[in-house]
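Beneath this line is the structure, given in structure tokens, with notes to follow.
The values are calculated or read from the model by the stated rules, or taken from the named source; none is laboratory data. None of the values given here were measured: they were computed from a predicted structure. Don't worry about glycine lacking a Cβ; one is built from the backbone with ideal geometry, like all the others, and counts go over all protein chains shown.
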């Protein structure tokens, strides 16, 4: 029988792969100034420190690190995460309420595996992170988008949806959101924790950008206001140490975490031990805070340069002014189409991601996401000049 | 609302976590002689070489290795895998027919993700590897066990099941099978490749033990007889380099591999780059073959010691005599119960895994799986003496 006759699982109906990852492949042109990615700057990746740590850890504990590990995670890392979570995210949790995972993408996958049957409803911000939208869709959930404003997701609308639609889960990025850069207000954080308990909805709180703050005051996590265990917290070391190491974590109610752990047995048995041990060394030896401080100095300059130039950029109607993170979200004049303009921009040597991809139901063709972490201040100036030229000509 | 009210996804109905992994937790008693695991010997884990490689690779290519990588895998590793697959598994395939994964467990997960809808049928050997049985069950497939004999799975019975039941997939470990240690004959390998095409069934060929051969002649993979792309081949470096690094690969038809790649985007984005680069260095620099040769010398002695003592062990009716791998499968006298006897054995300081767990429908309580890789020849002698005592008393 011809392999063309192979029928794939129905979860792939309508799934075509991440549009963003396809865009990235088009950017391999030398000299391209890319505002499209969401990667850390090369200068932010601590290759020297990781080289020394990897060697030291393998010489010291190689027989343990190269052997099978527990699905539950590398014990020293779980130990280190307890005070880290308290310090950075303001919540208490025990070691057995923490599961190290293979990047926080796996945390999302495991939460869906544990909770979602086909047809279940999952609320997401409108717009939201493309990658996790695809993760949720692969579990055949129905996405319910709720609009956000300058203070993050609109909690009045959210309560209406919780009441009427009985969703299983809310997926939310409360700090320096992807793609908008917006931060959820303190009041709304408290309200969402309360709504979760009131309506019995799991909150999947995704907070990978929090440490990249360049202005303003830190806010406690939604989970810090969670009294009954409805908030599952996903963290990542991709933005502050290295995405290539693939280490994140999930902190959640024990019964929920147990299902995620069983799910992880069949996903990848456990997260690579060496990678967990490198992250553990960063936490245990106090290497993370000074490294983050250094990164932030440079990212702040890059963001402020881009914000300053956006103000004078032709065709741009408005844009967000984040206090941190990696992204600015811009809106072009009514009638301009960021998808169509992308190819003109790429032709002139600059790229971004059209905002429409971040909206579960599409539309919003006049929006775009701009990343500033991967370009020098000089490149940002050049790239913004190119954008200004193309947008002005088409405004 | 109390979190106790949380309803989990129906894929977890009847799933309670790997029984084996629970047994392992009971073995942390000092002095316990464990024939229960399936881990490489500590002496087989190349900590010194990995320490040097990790440092060198991170100093040389750290900015690439610590950055996000492609879901499709680390390009140099895909390049190295082409001649490796040809040499070791006797099949040709292109780089874009290979996907590096986070341990071959992930290959199984992605194949199920790509192919299995709830209620689909998956044929497995009876008995088979517990871990992947759970992976398949989490996709709510119906398991169809087909008996094996000394030459591996019975192909007459298999054809009947293909004809009558129209299964989606066959999961098979053709070489030094887990738990039996048996190897599928050449004739049956050819036949299974032919049946796959004839009936349109995907063969998930899992071959992690092949390089651990201590006697007899190597056989080509089932995939080497595959003319139309129905065989998906899963490989692992866990048994020959390190399980803790979590690197394996999937080689499959392009359209199927594309679905697996999209599935992987949402599972963990990509396999950690450093870990892929270490495996690549092993292949590229010719480090693997001499390392495997060294491991096999020791494992052969361990296996032969155990086989010799099994011959004189009370209560043992018969056992397999593998030509390699990590496991021997034994059958006790009719009426003896390896589950009940396990606690007596553990009390006297020796452990194994009851065979019943490897049968999809249970039963076969008088069987057990014995691993010899993690014990020295001396420990094997001591452990077999303990088994002999308990089994003789209860025969």
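A few notes on this one:
- Of all residues in segment B:103-140, those that are over 16 Å from residue A:138 (Cα atoms), touching a helix residue (DSSP H, G or I) at 6+ places or on another chain (Cβ under 7 Å) and without any contact (Cβ under 8 Å) to a residue 40 or more places away in the chain total 2.
- Qualifying position, being under 18 Å from residue B:99 (Cβ atoms), touching a helix residue (DSSP H, G or I) at 6+ places or on another chain (Cβ under 9 Å) and either free of Cβ contacts under 8 Å to residues at least 12 places away in the same chain or not assigned by TED's automatic domain parsing to the domain that holds residue B:79 (or both), among B:255, B:277: B:255
- In segment B:314-329, the residues that are surrounded by fewer than 21 Cβ atoms within 10 Å (Cβ to Cβ) and not in a loop (DSSP other than H, G, I, E, B): B:317, B:318
- The residue pairs whose first member lies in segment A:367-395 and is over 21 Å from residue A:331 (Cβ atoms), whose second member is assigned to a strand (DSSP E or B), and whose beta carbons are closer than 7 Å, counting only pairs six or more residues apart or on different chains, are A:374/A:34; A:375/A:33; A:379/A:33; A:382/A:33.
- Yes/no for residue A:284 being at positive phi and either away from chain B (no Cβ under 13 Å) or at pLDDT 95 or above (or both): no
- Search result, residues across segment B:146-167 that are in a strand (DSSP E or B) and more than 16 Å from residue B:203 (Cβ to Cβ): B:147, B:149
- Here A:307, A:297 are screened, and the one residue that is within 26 Å of residue A:126 (Cβ to Cβ) and either modelled with pLDDT of 95 or more or part of a loop (DSSP other than H, G, I, E, B) (or both) is A:307.
- Breaking point among (1) over 26 Å from residue A:211 (Cβ atoms); (2) surrounded by fewer than 16 Cβ atoms within 10 Å (Cβ to Cβ); (3) touching a residue at least 60 places away in the same chain (Cβ under 8 Å); (4) in contact with a helix residue (DSSP H, G or I) (Cβ under 6 Å, 6 or more places away or on another chain), for residue A:362: (3)
- Options B:109, B:92, B:120; residue that is surrounded by fewer than 18 Cβ atoms within 10 Å (Cβ to Cβ) and modelled with pLDDT of 95 or more: B:92
- Residue in segment B:4-14 that is under 25 Å from residue A:245 (Cα atoms), modelled with pLDDT of 95 or more and either part of a helix (DSSP H, G or I) or not assigned by TED's automatic domain parsing to the domain that holds residue B:358 (or both) present: no
- Among the residues listed as B:388, B:371, the single one being over 23 Å from residue B:243 (Cβ atoms) and not assigned by TED's automatic domain parsing to the domain that holds residue B:172: B:388
- Taken residue by residue, segment B:342-351 has no member that is farther than 19 Å from residue B:23 by Cβ, part of a loop (DSSP other than H, G, I, E, B) and assigned by TED's automatic domain parsing to the domain that holds residue B:15.
- Some residue of segment A:77-89 being within 14 Å of chain B (Cβ to nearest Cβ) and either within 18 Å of residue A:237 (Cα to Cα) or in contact (Cβ under 8 Å) with a residue 60 or more places away in the chain (or both): yes
- From the options A:312, A:239, residue that is outside the structural domain of residue A:357 (by TED's automatic domain parsing), touching a residue at least 60 places away in the same chain (Cβ under 8 Å) and within 30 Å of residue A:384 (Cβ to Cβ): A:239
- Those residues of segment B:38-55 which are at the interface with chain A (Cβ under 8 Å from one of its Cβ atoms) and either touching a helix residue (DSSP H, G or I) at 6+ places or on another chain (Cβ under 9 Å) or part of a helix (DSSP H, G or I) (or both), in sequence order: B:40, B:42, B:45, B:46, B:47, B:48, B:50, B:51, B:52, B:54, B:55
- Residue in segment A:281-298 that is within 30 Å of residue A:333 (Cα to Cα), in contact with a strand residue (DSSP E or B) (Cβ under 9 Å, 6 or more places away or on another chain) and in the same structural domain as residue A:41 (by TED's automatic domain parsing) present: no
- Residues that are surrounded by fewer than 23 Cβ atoms within 10 Å (Cβ to Cβ), part of a helix (DSSP H, G or I) and touching a helix residue (DSSP H, G or I) at 6+ places or on another chain (Cβ under 8 Å) within segment B:58-73 comprise B:59, B:61, B:63, B:64, listed in sequence order.
- Qualifying residue in segment B:234-252 (condition: in contact with a helix residue (DSSP H, G or I) (Cβ under 7 Å, 6 or more places away or on another chain), crowded, with 23+ Cβ neighbours inside 10 Å, at positive phi and facing chain A (nearest Cβ under 10 Å)): yes
- Residues of segment B:140-167 that are under 21 Å from residue A:260 (Cα atoms) and surrounded by fewer than 21 Cβ atoms within 10 Å (Cβ to Cβ): B:140 alone.
- Any chance residue B:221 is within 25 Å of residue A:110 (Cβ to Cβ), more than 9 Å from chain A (Cβ to nearest Cβ) and at pLDDT 95 or above: no
- Within segment B:114-124, restricting attention to residues that are more than 7 Å from chain A (Cβ to nearest Cβ) and not in a loop (DSSP other than H, G, I, E, B), the residue that is nearest to the chain's Cα centre (by Cα) is B:124.
- In segment A:265-287, residue surrounded by the fewest Cβ atoms within 10 Å (Cβ to Cβ) [restricted to those that are within 20 Å of the chain's Cα centre (by Cα) and under 30 Å from residue A:168 (Cβ atoms)]: A:276
- Some residue of segment A:14-29 being more than 13 Å from chain B (Cβ to nearest Cβ) and within 20 Å of the chain's Cα centre (by Cα): yes
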